[in-house]
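Each remark here refers to the structure printed beneath this line.
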Amino acid sequence: MGALNDLLMPKLGLTMTEGMLIEWSVAAGDQVKAGDPLFVVETDKVANEIAAEADGLIGEILVAAGETV
């Protein structure tokens, strides 16, 4: 098994300090490929779909939809 990596909230602008995780497109245990949609995050200005940067496995989801990160 490969090393585990944390999936971090991307900074979507110079002034972004937090975002609300609107929805997950994956579940724990899902295999993903680079470019697959993972989740939607909403800031005070825009909602963005965030894609996987690399192939991998979603091990555990620690932030529920509707939470601010």
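Are there GluC sites (Glu not before Pro) in the chain that DSSP puts in a loop and that have at most 13 other Cβ atoms within 10 Å, and which ones? All intermediate terms of the calculation are to be shown ahead of the outcome.
Working: sites: 18, 23, 42, 49, 53, 60, 67; in loops: 18, 53, 60, 67.
Answer by residue number: 18, 53, 60, 67.
What list of ³J(HN,Hα) couplings, whole Hz, do you get for segment 45-55 from phi and the Karplus terms 6.51, -1.76, 1.60, once you set θ to phi - 60° and write x for glycine and proline?
Working through the residues one at a time gives 10, 7, 10, 10, 8, 9, 9, 5, 7, 8, 5 Hz.
Give me the extension gain from residue 43 to residue 4: residue separation times 0.36 nm, minus the current Cα-Cα distance, reported in nm with one decimal. Don't skip to the answer; put the middle values down first.
Working: separation 39, 0.36 × 39 = 14.04 nm, distance 2.75 nm.
Taking residue 43 through residue 4 to full extension adds about 11.3 nm, to one decimal.
If R₀ is 35 angstrom, what is the calculated FRET efficiency for the pair residue 20 and residue 57, using the beta carbon separation as r and rounding to 0.05? Could you put the intermediate results ahead of the total?
Details: r = 25 Å, r/R0 = 0.72.
My answer for the efficiency is 0.90.
Under a Cβ-only charge scheme (Lys and Arg +1, Asp and Glu -1), can you give me the dipole magnitude of the chain about the Cα centre, in debye to the nearest 20? List each step's numbers first, then the result.
Working: 3 positive and 12 negative charges, 29 e Å.
Charge dipole of the chain: 140 debye, to the nearest 20.
Could you provide, to the nearest whole Å², the per residue accessible area of the chain with probe 1.4 Å?
Details: 5120 Å² over 69 residues.
Spelled out: the 1.4 Å probe surface of the chain, per residue, equals 74 Å².
Give the relative contact order (percent, whole number) for the chain; include only Cα pairs under 8 Å separated by 6+ residues.
On the way: 114 pairs, mean separation 24.4, N = 69.
Relative contact order of the chain: 35 percent.
As I understand it, the dipole of the chain uses +1 on the Cβ of Lys and Arg and -1 on the Cβ of Asp and Glu, about the Cα centre. Which of 56, 41, 15 lies farthest toward its positive end?
So the residue furthest toward the plus end is 15.
Using each residue's phi in segment 59-64, evaluate 6.51 cos²θ - 1.76 cosθ + 1.60 at θ = phi - 60° and report the 3J(HN,Hα) Karplus result to the nearest Hz, with x for Gly and Pro.
Karplus values, whole Hz, x for Gly and Pro: x, 7, 9, 9, 10, 7.
Per q in 0.11 1/Å, what log10 I(q)/I(0) does a Debye calculation on the alpha-carbon atoms of the chain return?
So the normalised log intensities are -0.26.
Please report the accessible area of residue 12 (heavy atoms, 1.4 Å probe, ligands and nucleic acids excluded) in Å², nearest 10.
Its accessible surface works out to 70 Å², give or take rounding.
The values are calculated or read from the model by the stated rules, or taken from the named source; none is laboratory data. Since the structure is predicted, the reported quantities are computational estimates derived from the model, not experimental observations. Virtual Cβ from ideal backbone geometry, glycine too; neighbours counted across all protein chains shown. Accessible surface is based on the protein model in full, side chains and every heavy atom, while ligands, DNA and RNA are left aside. Shrake-Rupley method; radii C 1.70, N 1.55, O 1.52, S 1.80 Å.
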